[in-house]
Amino acid sequence: MDPFAALGAAAAIAQFIELSLSLVNGARQIHKSAVGATAANEQLGTVIRELEALSGSMVSKKPRHEQGNAEKSLSNVAAECQILSKKILDLLLTMKAKDPASIRQSAVAALRSAWNEKEKRELVELVEKCRSMMHMQLTVILGLVNSLKAEAQPFSP
């Protein structure tokens, strides 16, 4: 066997061992948990549920023609955050073990978790951008409100 083939085989074996250890560790975490998910996924779920509730409260109930531009923008961003949050929560639900006490179910959940890790990361990245945009929209709205208050106050030397 030439040296490059041996190096490639060794790298593949090392990668396989790393993936196997990751799956075993994930299955162990899921099996030990009361809810059937890894601690990281459960923590992410908690944060995303809070973001979903917060963004839901920012979607305007007024008809579109009665909303100002800033209110429309905030409502659009908040609605997008809700959609992304729902996608993440649905994905996290598929990564949970139906019966955490079952070793088999814990292993299947760990495999599903590893399989969907890339999609989860991409969705988390998108929801983070959405959260950032919502923060910026709120900052703009607060700036507009403060400038309107300053204009309404009479000047006194």
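The values are calculated or read from the model by the stated rules, or taken from the named source; none is laboratory data. A quick note: this is a predicted structure, and the numbers were derived from the prediction, not measured. Heads up, the Cβs are rebuilt from the backbone with ideal geometry, glycines too, and the neighbour counts pull from every protein chain shown.
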Residue among Asp99, Asp90 that is modelled with pLDDT under 85 and closer than 30 Å to Leu19 by Cα: Asp99
The conditions are (1) at pLDDT 85 or above; (2) more than 27 Å from Gly143 (Cα to Cα); (3) touching a helix residue (DSSP H, G or I) at 6+ places or on another chain (Cβ under 7 Å); (4) not aliphatic (A, V, I, L, M), and Cys81 fails exactly one of them. Which is it? (2)
Please work out if Lys86 is without any contact (Cβ under 8 Å) to a residue 12 or more places away in the chain and either β-branched (Val, Ile, Thr) or touching an Asp or Glu at 6+ places or on another chain (Cβ under 8 Å) (or both). no
State all residues of the stretch 33-68 that are touching a residue at least 24 places away in the same chain (Cβ under 8 Å) and over 20 Å from the mean Cα position of the chain (by Cα); if no residue qualifies, say none. Ser33, Ala34
